[in-house]
Amino acid sequence: MKKKKLFRGKNFDVSSYEFSISGKKVQHEIIEQNPVSSILAIENNKIIMVKQFRYPHKEALEIPAGIINKNETPLNCAKRELLEETGYSATDLKHLTRYYPVQGHNLQYIDCFVATKLKKISEPKLDDDEFVTVEKIPFKKIISMIKSGKIMDSKTICSVMIYASKKNIL
């Protein structure tokens, strides 16, 4: 396999990969982006959501999430991001699923966790470029917002719908 860096950015890189499949040379341009942990935090049948600015789409309602730092486990990232974005910590945090949001074009994967037994321990500790408000929304309302297209964030849709399916909530 031959790899050539085409672009180096703040949030992602792009590389060209050349390799052979069944004796035929192929070339793919791939976005190289760090993996993410996302957290479906549930308290009293309500989901803790964050509303934040997501250019070019204005505000987006989504579950808390963030980039997994080098030498950080997905679980530790989930704990850190839940606290930083919402001020909550969870004594019960379980892995729900891993998925690749743009398979074949991006190396990024997202580990989704379910957080329960929550406790508010601080105010959110946001980065300078984060503008976030925290909302608690009933689980069934989130499902109807997904079905109606009001929530379009893939990590939120995957986490909510997989959890709802496993719990026979749908």
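Observations
- Separation in nanometres of the label points that stand 7 Å from Cα toward Cβ, at Tyr55 and Met161: 3.0
- Global form of segment 49-91, assessed from the alpha-carbon gyration tensor, a/c cut-off 1.5: oblate
- Per residue Cα convex hull volume in Å³ - calculated over segment 100-170: 152
- Cα-Cα over 29 Å, subset of Lys4/Lys24; Lys10/Lys167; Lys51/Lys94; Lys136/Lys166; Lys3/Lys147: Lys10/Lys167; Lys3/Lys147
- The charge dipole of the chain, taken about the Cα centre with unit charges on the Cβ atoms of Lys, Arg (+1) and Asp, Glu (-1), comes to about 580 debye, rounded to the nearest 20.
- The calculated pair-distance distribution of segment 61-138 uses every alpha carbon pair, bins of 10 angstrom beginning at 0, and gives 17, 48, 31, 5, 0 percent.
- By the Cα gyration tensor, the chain has an equivalent ellipsoid whose semi-axes, rounded to whole angstrom, run 31, 18, 16 from largest to smallest.
- By the rule of a C-alpha distance below 14 Å, with chain neighbours fewer than 8 residues away ignored, the aspartates and glutamates paired with Lys140 are Glu43.
- Accessible area in square angstrom per residue, segment 39-132, 1.4 angstrom probe: 58
- Computed over protein heavy atoms with a 1.4 Å probe, the carbon and sulfur contribution to the accessible area of the chain reaches 52%.
- Using a Gaussian network model of the chain in which every pair of alpha carbons under 10 angstrom is joined by a spring, one finds that among Val50, Val114, Val26 the greatest mean-square fluctuation is at Val26.
- nm² value of the averaged projected area, convex hull over the Cα atoms of segment 24-100: 7.9
- Positive-end ranking of Asn44, Pro64, Pro124 along the dipole of segment 34-134, with charges on Cβ about the Cα centre, is headed by Asn44.
- Taken about its Cα centre, segment 62-103 carries a charge dipole of roughly 200 debye when the Cβ of each Lys and Arg holds +1 and the Cβ of each Asp and Glu holds -1.
The values are calculated or read from the model by the stated rules, or taken from the named source; none is laboratory data. In this text, all values refer to a predicted model and were calculated from it rather than measured experimentally. For neighbour counting, all protein chains shown are included, and Cβ atoms are generated from backbone atoms with ideal geometry for every residue, glycine included. These accessible areas exclude ligands, DNA and RNA; they are computed on the full protein's heavy atoms, side chains included. Shrake-Rupley method; radii C 1.70, N 1.55, O 1.52, S 1.80 Å.
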